[in-house]
Every structure is written in C-alpha cells, then in structure tokens.
Amino acid sequence: MRQFLLFGSIILVGIIFISRLFYLQIVSSSGNNLLEDNAIRTVYDYPKRGFVYDRNGELLVSNQPSYDVMVIPREVEPLDTLEFCNLLKINKTQFIKTFNRAKRYSPRLSSVFVSHLSKEDYASLQEKMRKFKGFYIQKRSLRHYQKSVGANVLGYIAEVNQREIKNDGYYLSGDIIGKQGIEKSYEKELRGLKGVKRYQRDRFNRNIGSYKNGTFDTLPVAGKDITITIDAELQEYGEFLMKNKVGGIVAIEPKTGEILSLVSAPSYNPNLLVGRKRSRNYTKLHNDSIHLPLIDKGLLRMHEPGSPFKTLIALTALQEGVIDERTSVRCSGAYHYGGSRPMGCHCGSGTRVLNNGISKSCNSYFANAYRKTIDKYNNATEGMNHWSNHIKSFGLGNYLGYDLSIGKKGNIPDGPYYDNWYPDFRWGATTIISNSIGQGEVLVTPIQLANMMAAIANRGHYFTPHIIKHIENDTIPSKYTTKHQTTIEKKHFEPVIEGLHDVYGPNGTAWFLNSPGIEICGKTGTAENFTKIDGERKQLTDHSIFVAFAPKENPKIALAILVENGYYGARFAGRIATLMIEKYINRTITRKDLENWVLTYTLEHEYEKPFLGEPFEINAKSRMMTVDQYEALKTQRIE
C-alpha cells in the first residue's frame, strides 16, 4: 500500500510541475498578461483612420500627423520638472495632476501624458526625450476636416473615458474614439485595428530585441474609407443660408432614403475640436446658451409640426372614407365646435374642398376632417387608435432607425394616452381638436417631417433615412434598402399632392416662392413657441416651418426646414426651401431675390429677447432687422 502511495505522490507532483510550466510558458505569455510583465515593453502601432467622402467623391475628412507624450509611471526617474514642463508648455500643477491620474490608471501600463503635440513641439522635444526616463513619444494621427461645414454630420474624435474602456476591451487609456456624427456611428469601420509590438528588456530596462521573435506581434489594419450620402455643396449652401438664424434643414432623396443635407444652425468649424485646443473650444461652444451650436437642430429639436401635418390629416381621412376630393366645408374665418372659443382660421373664408383646403391651409377644413375620422368609431379611444396607427406608419412618433447616434421620438398620441390624460372626463374629438392643425400634443423633429414628405413624394412608402452610402470592401445594412409601406392606399396621394402643388399656385400660401422650370409641392407651417422667463411661461415669436419635395413627378429631393422664431412658414423657411431645391436640382440659383432677402435679414435679436430682461412684442413685423441694423443696435448696447 505504501508503495502505491509513494508512486501516486510522484505522479501528482509531476502533474503539478507540468501544469505550472504550461501556465508560465503558454498562458502567462499570451494575451493581456504580457501587459503586466515587467520584462516586456508593449508598444502600439496605431492605424490610419479611414477617410470620409461625400456622395460625389469629394474628400471631407482625412488625417494629419500627431504626437502624444506617453508615460509609464513605474519607470519614471527623478527629472528636471521645470524643463520638462516648459517643453510641453504645461505648468507644474498640471504635471502632478496628470502623473497621478496615470499612476491611478496603472503604474505598469503606459497612458497619455500630453496629447496632440504639434510638429514643432515634437521636433524640439524629441532631442531631449532621453533625459526623461519613463516617458516616450507615440505617433498617432488626428483628423483633418477639409471643409468648414458639416460639423454635426461628421462629428469629432476624442480620448476615451473610463466607461468606454470598460464597455469595449479594444480601448486603452489615451486611445481616441468617435464621439458624435459619422465618427461615432461608424467608429469600428473607421478606426481599423491597432498593431502591437513587444520588446524584451534586460534588468537595466533596456530593449534587447523582439519578444519571442515577434510571435505575439501584429500589424495594424487601416480603417475603412466610407462614402456618405451628404452632398457637400448642398450642405455648404444650406449653412450659408442659415447664417444669423437658429434651426435645421433636412433633405432626403425619396427613392433611396439617403440624407442629402443635414444642417444644424448655427454650426461651427469641425477643426475647432481637433488638437490641444479641443477642450477649450468645446467648453466655449457648450456654454453658448443662446445658439446651442452643439445641439443638432435637425435631429433633436422637437416641436409642433404646424400646418404641414394637415397633409396627414387629409390622407388619414381619405383612407378612412370620411371625406373625398369633393367634400366641402364652409369657412367663416373660424371653426365652431362647441368650445369656449372657436378655432381661428386665416385662409380668407369661403368654401373649401381638399385642394384649396391644402393650398390655402384652411383650419376649418382639417378640423372637420379630423373630427369625422375620430367620430367614425364607437368611441373616441378606438377612433384615436386607428388615427394614430395611420400617422405612425409615416415614421412619426418613434425613432426612425437612422444611422446617426442621436434623436428624439416625438409624440403621436393614441387612445390610451388621452384616457390617462383625462381619467375623469369623457373626452372626444373636439377636446383634442388642435391636433388637426399640427398643434396640441403632436410633436415631431425636422428629420421626421422630411421623411414624411419623402413618403408622400413616393406615393405611400419610404426608406429608412441614412447617411452611409458605401463602406470600403463592405456593404451597407439591408435595413436601409428595405421599403416601408404606409397604411394609406396609393390612390389617395394624388389629390393631396395636387393640393401641395397648388400651394405654389396663384392663390396658394407660397405663391411668391416659385422656381422657374421646377414643379415644387410644398406646405407652409407656423408653430407656436414658448419659453420660461423667471419661472413664468412666455410666448416668443413663432417658428417658421416649411416642407416640400420636387419635382412633382419622379421627385429627387424632399426636405423640411425649421427656422426658430422665424415668424410664419413662407417668410424664412419657405424661401430657404425653394433655394435649396434649386441648388440641388439645377446646381445654380435663379431666385437671387429670395437669396438676397434671406441673407439680408437676421433673427439674432429674436434669440436675445429672453436674455435681455426687456419687454417685447410677439410676431411684430416691425421688429424685423437687417444684419446692419442689428450690428448698429449691438453697438448702442455696448456704448
């Protein structure tokens, strides 16, 4: 028995030794454990980030060389701190703070000490790096934005935070990542893969050659170039027109869902968020509480749709069979429905049918159509559910699923929504009649309105709006080529489109916005605008809204324009819509009169009103100012 016990003990000890050797030579020598080995230095080779091109092949984003000073805290030896700080253009307090942060991250692993050195700083520092043990220079690349437009579309890159490192094991402290726009949405395609080189070190911490002859080394894989759907020339023109204004422009190609332009005004030069001044510039943009340049107005601005929503009221009523093209309503300048006061109308009074109801934007006509739609069913809850489903089939009331990382759902109410809103009240169509003219509880974003117009232009279907057109050696997701059908039959779209076309006719609300040779279908809109001043709800000047598509047959562009505090729909947004359509279809501008008007007038005085502490009038035409008048007013205030 003792003989077997002795033999078993020898076998057990042998297994333990073999297991330990396997762990030391195989397990501990691979993967992340190499990072913790003091005898091995790991150096990353960062790949070229992918280029970004516009739909016509124009280069929008490239790379430029950048240099980071890296630190391995454990290897730092006593140094001339003053000299080192002068070379890096930092102070001693910054030095101590950054060093302690790097030490907390890991005393053994390298992290960024100072990022984005210029070529000049790199040249002067490189000669003296041998004096500063534990520090070395890592070459990377920074983004170079070829044009000063499209900042909200392109986004920016910045250093990863701890949450991003935790969520994705690819990143280490000091790595960069896309933070907004295309840079964020297509980060994995653009970033490529880091290469890794490992060096064996002796007891004096000197490199003595490649670790295991490079067995664990990898080469960097360059990021993929991508082509986006944006038309750079149209984008630049849109930002030009929105100068001295706040708002958004979204233009979509109806037959594909490709986003042609996504303007957020005011914008900024994307190169401001590149390099060592990025943090300072970001703070300045973030603190602009009047213009909010970092907020994408085309994706995040949620507002009442106003009169453009009447197109869906008409389509829903047609589908439900409660009206037809000949259904008439007599408008007396107001719609009387038994409320405390009638709903006002500015169509000029008279008999209205579907066509001139749209072209003259008659509130009475659409209040009647909406009321009939809800009242068709046994109760308001059921009627509202049917109505809501039709509206939502156009992509409203939910995230559209586009490939940009931000957005808002908006709001399309249904029956349960009002059951909760009025738990002790028997509500009906007249209770919520303001929905019929795009007010009340209906909320949308500009991109949702543009997509709505694309669906109408297509006579009943749309494609998910997207900004990616091509990925190098790859295909775009199939969801962007999948057709979404609305609940409205195709036959109902033609009479509505005729009404939208007549908006530009002699008696339409946009009669003065025609473009020679282009048949435009559009709809003016005005949305009420409120804010809180000293805790009190105040009404500001209305938002100007316009939606359109062109040409009428085989449409090439559908768009939505929001100009905040822009008075009424045709005034600012309508003019801009015509100009954007001309620019895209003709590549030139014939309506120079519209362009000159848009560029002459500013709305800066409107945006200042809530911050001045002065009384002001609402929608006062007399307060319209030219750029020169506004500059003179600013000078008076300063003096």
Task: Residue-wise HN-Hα coupling along region 182-193, computed from phi with Karplus coefficients 6.51, -1.76, 1.60 (Hz; x: Gly, Pro) - done: 4, 4, 7, 4, 10, 4, 5, 6, 7, 6, x, 10
Task: Amide H contacts of residue 76 (H built 1.01 Å from N, under 5 Å, at least 5 apart or other chain) - done: none
Task: Computed E for residue 538/residue 212 - FRET, C-beta separation, R0 41 angstrom, nearest 0.05 - done: 0.05
Open item on the list: Quick check on packing: order 214-227, 490-503 by the mean number of other C-beta atoms within 10 Å, highest mean leading.
Closed with: 490-503, 214-227
Open item on the list: Give me, ordered by chain and number, the residues 5 or more places off residue 141 or on other chains with an amide H under 5 Å from its own placed amide H.
Closed with: 66
Task: Pairwise FRET efficiency - residue 141 versus residue 17, Cβ, R0 = 45 Å, nearest 0.05 - done: 0.40
Open item on the list: Please compute the modelled spin-label separation between residue 100 and residue 63, points set 7 Å along Cα→Cβ, answer in nm with one decimal.
Closed with: 3.6 nm
Open item on the list: Using a 7 Å offset from Cα along Cα-Cβ at residue 631, what residues in region 214-241 end up with backbone N under 19 Å from the label point?
Closed with: 240-241
- [ ] Taking Cβ-Cβ under 4.7 Å as the only way to count a partner, pick out the unpartnered cysteines of the chain.
- [x] 85, 331, 345, 521
TODO: Please tell me which of these pairs span more than 21 angstrom C-alpha to C-alpha: 255/490; 147/277; 179/243; 556/583; 469/556?
DONE: 179/243
- [ ] At 0.36 nm per residue, minus the direct Cα-Cα distance, what do residue 56 and residue 10 gain on full extension? Give it in nm, one decimal, please.
- [x] 9.1 nm
Task: Cut-off 13 Å between beta-carbons: net charge of the residues surrounding residue 76, Lys and Arg +1, Asp and Glu -1 - done: +2
Open item on the list: Under 37 °C and 0.692 mPa s, how fast does region 139-193 diffuse according to Stokes-Einstein, given a Kirkwood radius computed over C-alpha pairs? Answer in µm²/s, whole number.
Closed with: 276 µm²/s
Open item on the list: Suppose only helical runs count, i.e. DSSP H with n ≥ 4. What mean residue ellipticity at 222 nm does that imply for the chain under -39500 (n - 2.57) per run, divided by all residues and rounded to the nearest 500 deg cm²/dmol?
Closed with: -9500 deg cm²/dmol
- [ ] Would you mind pulling out the separation of the Cα centroids of region 215-282 and region 442-517, in Å?
- [x] 23 Å
Task: Dipole magnitude (debye, nearest 20) for the chain, charges at Cβ of Lys, Arg, Asp, Glu - done: 2160 debye
- [ ] Subtract the Cα-Cα distance of residue 131 and residue 422 from 0.36 nm times their separation in residues, and report this length gain in nm to one decimal.
- [x] 97.2 nm
Open item on the list: From the convex hull of the Cα coordinates of region 452-538, what is the mean projected area in square nanometres?
Closed with: 11.3 nm²
Task: Positive-end residue of 62, 577, 513, charge dipole of the chain with Cβ unit charges - done: 62
- [ ] Report the calculated FRET efficiency for residue 80 and residue 406 (r = Cβ-Cβ distance, R0 = 41 Å), to the nearest 0.05.
- [x] 0.30
Task: Cα-projected label distance for residue 494 with residue 281, points at 7 Å along beta-carbon direction, nm - done: 5.4 nm
TODO: Calculate the spin-label point distance for residue 379 paired with residue 196, positioning each point 7 Å from the Cα along the beta-carbon direction, and give it in nanometres.
DONE: 6.4 nm
- [ ] For region 585-591, take each phi angle, set θ = phi - 60°, evaluate the Karplus expression 6.51 cos²θ - 1.76 cosθ + 1.60, and give the result in whole Hz per residue in order, putting x for glycine and proline.
- [x] 7, 9, 6, 8, 10, 9, 8
- [ ] May I ask you to work out the translational diffusion coefficient for region 50-174 at 37 °C, viscosity 0.692 mPa s, via Stokes-Einstein with Rh from the Kirkwood sum over Cα pairs, reported in whole µm²/s?
- [x] 200 µm²/s
- [ ] Excluding residue 217 itself, calculate the net charge of residues whose Cβ lies under 10 Å from the Cβ of residue 217, where each Lys or Arg counts +1 and each Asp or Glu counts -1.
- [x] +2
Open item on the list: Just want the answer: with Cβ charges of +1 for Lys and Arg and -1 for Asp and Glu, which residue in 465, 365, 328 is farthest toward the dipole's positive end in region 326-465?
Closed with: 328
Task: Extension gain (nm, one decimal) between residue 528 and residue 587, 0.36 nm per residue minus Cα-Cα - done: 17.8 nm
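Where a number appears in this text, it was derived from the coordinates with a stated rule and is not lab data. Predicted model only: the values in this text are computed from it and were never measured. As a convention, Cβ positions derive from the backbone with ideal geometry for all residues, glycine included, and neighbour counts pool all protein chains shown.
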